[in-house]
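What follows is a short report on a single structure.
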Amino acid sequence: MNVLILGASRGLGFEFVRQYRAAGAHITATARDDAALDRLREHGARALKLDVTDAASASGLAWQIDGERFDVVVINAGVFGPRSDGLETPSEADFDAVMRTNVLGPMRLLPQVAEALAPGARLAIISSRMGAIGQRTSNSGWLYRASKAAVNSVMRDAALALAGKAIVISFHPGWVRTDMGGAGADIDAATSIAGMRTVLASVKPSDTGCFFNYDGQRLNW
């Protein structure tokens with residue numbers, strides 16, 4: 001199996017690398033800094049430097065994966081931004097940082113990745129239940145919520161564009177004990193990634209364009 005993990009410096013992305021490598025997959029993974037790249041290499045991945053917020057860096061992905069045919073692609077890069085409560089207007093800097101990473105990042109990467117998909121590939125974008133509009137009962141972190149609602153829209157458009165070539169889905173990874181999720185979260189990264197890998201292995205063409213919980217439950221968004 002040939003797997004591409006975009007955003008694998010730590011947390012969920014790195015755990016994807018660890019588990020797929022343990023399963024014998026060939027891994028290409030990206031990170032922004034040299035220490036993270038070295039760590040990926042130490043775990044057997046082909047490591048590529050990539051910053052999705054930088055147009056030149058993002059546009060350079062295509063030639064680095066030219067000729068590849070990936071069976072699984074995970075777009076994981078993401079940031080939370082300000083932990084606001086209520087209608088606190090984000091600064092322009094915070095808005096740009098969150099939207100450039102969480103929304104523009106996937107929009108930059110998807111056209112390049114589309115050219116490197118094996119027939120029947122599975123492509124997942126890590127989203128969040130916080131972006132689901134119909135299920136919302138809180139407005140905390142409303143900038144992050146807006147970005148994840150937007151990336152679910154991006155996922156659906158990618159599913160339409162790649163229909164017949166790849167199965168495209170998005171995931172709520174659960175509330176995970178990572179730097180973003182914090183120490184009090186419900187599950188560890190190993191549990192989240194094991195669940196998402198199981199879903200990726202089992203989804204069918206009829207599932208393309210859907211939003212899944214890490215345990216396989218379909219989510220409305």
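Within the listed set Thr198, Thr208, Thr28, the Gaussian network model of the chain (springs between alpha-carbon atoms below 10 Å) gives the highest mean-square fluctuation for Thr198.
Computed over the chain, the per-residue total of -39500 (n - 2.57) for DSSP H runs of n ≥ 4 gives a 222 nm mean residue ellipticity of -11000 deg cm²/dmol, rounded to 500. Evaluated at 37 °C with a viscosity of 0.692 mPa s, what Stokes-Einstein diffusion coefficient in µm²/s does the chain have when Rh comes from the Kirkwood expression over alpha-carbon pairs? The estimated diffusion coefficient comes to 190 µm²/s. Axis of helix 189-202 versus longest Cα principal axis of the chain: the two differ by about 60°, to the nearest ten degrees. For Lys165, the aspartates and glutamates whose Cα falls under 12 Å of its own Cα, not counting residues fewer than eight places away in the same chain, are Asp71, Glu115.
Relative to the longest principal Cα axis of the chain, at what angle does helix 11-22 sit, 0 to 90 degrees, rounded to 10? The angle comes out at about 30 degrees.
When you restrict to C-alpha pairs under 8 Å that are six or more residues apart and normalise by the size of the range 2-219, the relative contact order lands at 18 percent.
List the lysines whose Cα sits under 25 Å from the Cα of Lys49, skipping any in the same chain fewer than 8 residues away. List returned: Lys148.
Counting only DSSP beta bridges whose two residues both lie in the chain, roughly 5 percent are antiparallel. Between the Cα long axis of helix 142-161 and the first principal axis of the chain there is an angle of about 40°, rounded to the nearest 10.
No lab work stands behind these numbers, since they all come straight from the coordinates. None of these values were measured; they are calculated from a predicted model.
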